[in-house]
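A.B. asks: Below are the structure tokens for one structure; questions will follow.
Any read-out appearing in this document is the output of simple, stated calculations on the displayed coordinates, not a laboratory observation. Treat the numbers as computed from the prediction; the structure is a model and nothing was measured. Ideal geometry is used to build each Cβ from the backbone, glycine not excepted, and the neighbour counts take in all protein chains shown.
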């Protein structure tokens, strides 16, 4: 019998390549259309896009279009990004030096200078997210430092600057609870958990939603505070947003037909009970059977 080592390695390599190349091809198509959405919305809002990249890392080749956007293919084909005027990196972190040195014409095309409108102003003020001690801090829900009259005055002033979206008015009673759970599971549960109790992601803590009002939930979906992605009306319609708000309101006080709710924290306490209670009971039964088996 002859062991064909070279033939085995060739077959293994061909199999791996046969999976990797189609995967990267499909991923590139998905990334392109995903980033194209950011690109088109930015152009529609008058924001200059400096870079449209498929992949990360060193540039392999690229070109400039007539709008001064650099279209390029990069060395690591595991994603992509769109970089706006005033961004420091692919994560859209503002470049403070570049922002401070912008001309008035450049400010009109930069992402960071676009008006947030009444929607963002009211959200950050009513949740206690503002003011921050440092612009680099993650906003956290704290005690509101302004009176109702002061909040209305601040929101009115920000709205008077023009161009921003209004405060949303959700109607959860019009939404579907089952559809809301499906949409929340698909778009939000990866960070907030399906029970809306929050969690942790890289570089940030995801807040629980137990104190969020229906309006604040809708505002967060539309503006994307901190690291949370923004969902436009094209991503989630107002009707779908009503369903999400209805589900989050339900998740605050869900029905527990099974009995013990375990704090509504998801799978963690269930696993804890399994290991501590059921595991201890199993060990006790094993010891009891063992003693009976050894008794004369």
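A.B. asks: Could you give the semi-axes, largest first, of the ellipsoid that matches segment 117-252, computed as the square roots of 5 times the alpha carbon gyration tensor eigenvalues and rounded to whole Å? List each step's numbers first, then the result.
C.D. replies: Details: eigenvalues 115, 66, 36 Å².
So the equivalent ellipsoid measures 24, 18, 13 Å along its semi-axes.
A.B. asks: Which order results if 141, 48 are arranged by neighbouring Cβ count within 10 Å, fewest first? If you can, show how the numbers build up before the last one.
C.D. replies: Working: 141 14, 48 17.
Fewest-to-most Cβ neighbours within 10 Å comes out as 141, 48.
A.B. asks: Viscosity 1.002 mPa s, temperature 20 °C: what is the translational diffusion coefficient of segment 142-222 from Stokes-Einstein with a Kirkwood Rh over Cα pairs, rounded to a whole number of µm²/s? Each step should come with its number before you reach the end.
C.D. replies: Details: Rh = 15.0 Å.
Estimated via Stokes-Einstein, D reaches 142 µm²/s.
A.B. asks: Could you run the Debye sum over the Cα atoms of segment 13-109, one equal point scatterer each and no solvent, and tell me log10 of I(q)/I(0) at q = 0.14, 0.18, 0.20 Å⁻¹, two decimals?
C.D. replies: -0.58, -0.86, -1.02
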